[in-house]
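Student: One structure is given below, represented as structure tokens, and several questions about it will come after.
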Amino acid sequence: MRILVVSNFFPPFVVGGAEIVADRHARELQRRGHDVFIVGGRVPAPGYPAGSMEPEDHNGLPIQRITLRSLDPDQSFRWPVLTRRLISLILMHDIEVVHFHNIIGLGADCIQAVKELGLPCVVTLHDHWGFCLRQSLLRENGTPCRHTEGCSVCLPGFVYDEDRLPVRLRRDYIAWCLEQADHLISPSSYLAKAYNRAGIASGRIQVLSNGIDLGNIPQHDYSAQNAGNHPLRFLCSAYLGPHKGIDVLLEALSLLAEDPELTGRWEMTLAGQGPLHQKAEKLALRKNIPLIVTGHLPRRQLLQDMARSDVVVLPSVWPENEPVTLLEGGAAGAALLVSRSGGAADMVQDGDTGLTVPPGDAKALALAMRRFITEPGLAARMGAKNLTRRSQFDETRTVTQLENIYSGKTEPDTTVSPRPVVILTGEGTAPDAIITLTDHLHDYLTLPASFRLLRHDWVNAEAWENAQLLWLWNEKNALPVALNALRRNIPILAPAGIGLEDRIRTGAPVLLYRTPLEALAHLQILLEKPGIRSYLADNASVAADAVWSSPGESFALRAEQLD
């Protein structure tokens with residue numbers, strides 16, 4: 001097969017978990033005789049402006065390297081110029097199937113473009129980007145987000161082509177694009193469930209571990225002659241940032257150092273780069289803390305260090321998907337110590353193959369580390385148990401499954417997800433009150449899980465055919481867009497005073513509102529009455545009179561935000 005692998009970053013410029021997975025799977029597919037092409041991004045640099053594209057060869061893999069323009073929320077979710085270039089590459093190389101990995105910065109519209117070409121489209125979900133603009137489910141202050149509809153807390157509005165829009169448009173567009181894919185893959189059951197809870201492709205997401213390249217991972221030697229009396233060796237390999245819990249780990253190390261009974265009985269290796277690197281180095285200078293800060297290590301050296309380690313630690317405060325470092329640690333035969341959050345906790349049988357602790361709890365982390373230090377043979381028993389399940393981590397099984405998916409032997413599941421409830425919007429900047437209303441619709445109304453608010457010029461004809469309503473916010477291109485909706489028998493919701501009532505025949509399904517509160521009342525009727533599209537088309541004036549006379553008591557509490 002001729003396979004295109006697309007990732008917003010790709011080695012050697014960025015080497016995170018998703019990039020490692022995309023690289024390894026591509027190489028295994030190439031080894032099996034497939035023609036594999038890569039589209040990989042990089043950050044702008046002198047001589048490489050945003051949107052530039054250069055061919056490269058990465059150890060035998062042909063790459064088209066694209067310079068991203070931005071990872072900011074307003075520019076990272078949709079990039080039509082890049083999409084057109086991607087289409088050209090697909091046609092030029094006669095691609096048969098496209099597999100997307102992380103695409104923030106490239107744009108979710110790439111998925112839509114591939115589907116319009118009629119090609120099979122596979123997406124691996126590596127994080128929460130499909131419903132979280134920060135990807136991590138962490139608020140700006142580091143606290144976990146408990147509400148997948150509450151994106152406006154982090155971003156009250158965003159700018160697209162000089163129009164200020166509700167962040168709900170961005171969120172729903174990404175979700176809609178993901179749902180166009182033939183196959184959605186999650187490496188962890190946790191992440192699949194998180195997308196299901198967010199109402200995205202409910203029931204369609206296949207859980208398939210990324211796996212690991214076992215042939216390159218040495219095993220811990222637990223033979224008696226190699227046991228020795230060395231200090232218990234901990235290792236943490238991660239991006240040195242707050243979301244990985246590095247500051248929590250550093251605090252836990254300080255707590256361990258306060259116990260004189262533990263002196264000389266443990267050591268910690270911290271591998272990686274990030275904003276907390278300097279803080280870690282400063283802590284390592286303290287004589288009573290056996291901390292070695294290595295910076296970024298070549299993977300071969302890291303795996304050798306991992307095989308010599310007794311416990312691999314990952315204290316993330318954000319819910320991880322399927323961390324590569326835990327796959328590597330388990331395959332190497334180390335015990336695992338992780339935060340009880342997300343997919344990381346799913347990779348550990350607490351008390352059997354490792355220990356789990358509450359995220360963000362330095363005292364609990366220190367106590368768990370102390371237990372490993374003071375209980376003879378605990379780490380060795382758990383590490384040996386991980387070695388017995390080493391074959392479960394083999395990525396060759398994963399790639400075989402991918403081949404079945406690419407070739408159509410594994411049929412996409414299209415029977416579970418409900419048909420989306422689509423409301424299209426017009427163009428132009430949304431009034432502040434409409435932004436408030438739109439970003440808080442989940443507070444005002446009971447929304448179906450499949451509800452999608454989509455800008456009309458971002459979507460294809462199928463979305464237009466499924467649309468239940470066109471919601472205009474101002475006069476920008478209002479008439480031609482309204483006429484397009486009326487030709488398709490789609491009712492229109494529009495503010496009074498933009499001229500539609502003077503230019504569209506009487507009796508057309510046009511519902512006018514004078515305040516956002518009245519618009520909300522119309523939306524309530526739309527979402528609560530089955531078959532509302534045909535009902536409004538036949539009874540527009542009757543429906544309008546009913547809503548104008550009684551907007552509804554349920555909106556009164558928040559009316560001051562909308563008037």
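Student: Kindly establish whether Thr356 is of a type in the set (S, T, N, Q) and in contact (Cβ under 8 Å) with a residue 40 or more places away in the chain.
Tutor: No.
Student: Filter segment 154-180 for residues that are of a type in the set (A, V, I, L, M, F, W, C) and within 18 Å of the chain's Cα centre (by Cα) and give the result.
Tutor: Residues satisfying the conditions are Cys154, Leu155, Val167, Leu169, Ile174, Ala175, Trp176, Cys177, Leu178.
Student: Just name the residue that is surrounded by the fewest Cβ atoms within 10 Å (Cβ to Cβ) out of those in segment 72-128 that are acidic (Asp, Glu) and in contact (Cβ under 8 Å) with a residue 12 or more places away in the chain.
Tutor: Asp94
Student: Within segment 254-261, is even one residue out of contact with any Gly (no Cβ under 6 Å at 6 or more places or on another chain) and over 17 Å from Leu365 (Cβ atoms)?
Tutor: Checked against the condition, which is being out of contact with any Gly (no Cβ under 6 Å at 6 or more places or on another chain) and over 17 Å from Leu365 (Cβ atoms), segment 254-261 yields at least one hit.
Student: Of the conditions (1) modelled with pLDDT under 95; (2) of a type in the set (Val, Ile, Thr); (3) more than 30 Å from the chain's Cα centre (by Cα), Ile292 satisfies every one except a single condition; which number is it?
Tutor: Among (1) modelled with pLDDT under 95; (2) of a type in the set (Val, Ile, Thr); (3) more than 30 Å from the chain's Cα centre (by Cα), the lone unmet condition for Ile292 is (1).
Student: Now a separate question. What pairs come up if the first residue lies in segment 179-206 and is in the same structural domain as Cys110 (by TED's automatic domain parsing), the second is buried (at least 23 other Cβ atoms within 10 Å of the Cβ) and of a type in the set (D, E, K, R), and their beta carbons are under 6 Å apart, counting only those six or more places apart or on different chains?
Tutor: Pro187/Glu322; Ser188/Glu322
Student: Out of the residues in segment 141-159 that are hydroxyl-bearing (Ser, Thr, Tyr) and touching a helix residue (DSSP H, G or I) at 6+ places or on another chain (Cβ under 8 Å), which is nearest to Ser70 (Cα to Cα)?
Tutor: Ser152
Student: For segment 222-294, which helices (runs of 4 or more DSSP H) that fit wholly inside it have 1 or more residues that are surrounded by 13 or more Cβ atoms within 10 Å (Cβ to Cβ)?
Tutor: Hits in segment 222-294: 246-257, 277-284.
Student: Continuing with the same structure: Could you tell me whether Arg69 is within 16 Å of Tyr160 (Cβ to Cβ) and out of contact with any Cys (no Cβ under 9 Å at 6 or more places or on another chain)?
Tutor: The answer is yes for Arg69.
Student: Another one. Can you spot a residue in segment 373-383 that is touching a His at 6+ places or on another chain (Cβ under 8 Å) and either touching a residue at least 60 places away in the same chain (Cβ under 8 Å) or in a helix (DSSP H, G or I) (or both)?
Tutor: yes
Student: Take the residues of segment 179-214 that are assigned to a helix (DSSP H, G or I) and touching a strand residue (DSSP E or B) at 6+ places or on another chain (Cβ under 6 Å): which is farthest from Thr410 (Cα to Cα)?
Tutor: Per the stated criteria, the residue is Leu214.
Student: Would you kindly identify the strands (runs of 3 or more DSSP E) lying entirely within segment 1-76 that contain at least 3 residues that are of a type in the set (A, V, I, L, M, F, W, C) and out of contact with any Ser or Thr (no Cβ under 9 Å at 6 or more places or on another chain)?
Tutor: The qualifying strands (runs of 3 or more DSSP E) are 2-7.
Student: Next question. Just give me the residues in segment 435-468 being out of contact with any Pro (no Cβ under 9 Å at 6 or more places or on another chain), of a type in the set (Ser, Thr, Tyr) and surrounded by 14 or more Cβ atoms within 10 Å (Cβ to Cβ), in sequence order.
Tutor: Tyr444
Student: When segment 90-122 is examined, which residues are found to be part of a strand (DSSP E or B) and either over 20 Å from Asn321 (Cα atoms) or assigned by TED's automatic domain parsing to the domain that holds Asn460 (or both)?
Tutor: Val97, Val98, Cys121
Student: Can you tell me how many residues within segment 304-323 are in a helix (DSSP H, G or I) and surrounded by 21 or more Cβ atoms within 10 Å (Cβ to Cβ)?
Tutor: Result for segment 304-323: 1.
Student: Continuing with this model, one more query. Is it the case that some residue within segment 328-337 is in contact with an Asp or Glu (Cβ under 7 Å, 6 or more places away or on another chain), assigned by TED's automatic domain parsing to the domain that holds Glu267 and surrounded by fewer than 23 Cβ atoms within 10 Å (Cβ to Cβ)?
Tutor: Taking every residue of segment 328-337 in turn, none turns out to be in contact with an Asp or Glu (Cβ under 7 Å, 6 or more places away or on another chain), assigned by TED's automatic domain parsing to the domain that holds Glu267 and surrounded by fewer than 23 Cβ atoms within 10 Å (Cβ to Cβ).
The values are calculated or read from the model by the stated rules, or taken from the named source; none is laboratory data. Just so we're clear, the structure is a prediction, and the values are computed from it rather than from any experiment. Don't worry about glycine lacking a Cβ; one is built from the backbone with ideal geometry, like all the others, and counts go over all protein chains shown.
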